[in-house]
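What follows draws every value from the coordinates through simple rules; no lab data is involved. Please read all numbers here as calculations on a predicted model, not as lab measurements. Reconstructed Cβ throughout: ideal geometry from the backbone, glycine too, with neighbour counts over all protein chains shown.
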Amino acid sequence: MGTACCSEAKQGQKEQLAGSQPVQAGAPASQQKAKSSAQPGAPAAQADGDGYNYKVFPDGSRYEGQWKDGLKHGKGRFIYPDGDVYDGEWQDGKAHGHGTYTSKQSKYVGEWQSDLKHGQAVEEWDDTSKYTGTYSHGQKHGKGRFEWPDGSVYDGEFRNNN
């Protein structure tokens, strides 16, 4: 997870989750601190940014989940302004561990590392295409299976999304 959007932007997949929700001008997303929203019924702000909290960011995105040292850390759900959702594990402000990313065009269920698809996963697109296999640094890489809407299948090795 380097720029706010991934190489699959045309498919609506945000490979770099943390970069798309600026909170403090000039500060990287991974260094931004949690501040409570004034949402009715939202948990109270933690003075040190730790614990469970809810936050609405200036761009309209929102996060509900666990925080540590003012960063998303533990289990949580992030909703983007366009309605895309990441629900899963966070580490030091980045998607890391097991998580599900759902957009209007696709759904990715699998492993993440530092905001990038990384490890075993299943990704399905709205046209019924499906990839089951390994991702490395945001790209299909390693053993995998791709199924197209017409029923054709490729079983084999992928390198850098090919």
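Net length available on complete extension from D82 to V153 is 22.4 nm, with 0.36 nm assigned per residue and the Cα-Cα distance removed.
Estimated at 0.36 nm per residue, the fully extended path between H137 and D92 surpasses their Cα-Cα distance by 14.4 nm. The loop-placed trypsin sites (Lys or Arg not before Pro) in the stretch 82-142, going by DSSP, that have at most 11 neighbouring Cβ atoms within 10 Å of their Cβ come out as K104. Give me the percent of Cα-Cα pairs in the stretch 58-158 that sit more than 22 Å apart, rounded to a whole number. That tail contains 34 percent of the Cα-Cα pairs.
Summing Lys and Arg as +1 and Asp and Glu as -1 over all other residues whose Cβ lies under 14 Å from the Cβ of R145 gives a net charge of -2. Using C-alpha pairs under 8 Å with a sequence gap of at least 6, the mean separation divided by the residue count of the stretch 58-158 gives a relative contact order of 13 percent.
Taking each residue as 0.36 nm, the span from Q105 to D59 lengthens on full extension beyond its C-alpha to C-alpha distance by 14.4 nm.
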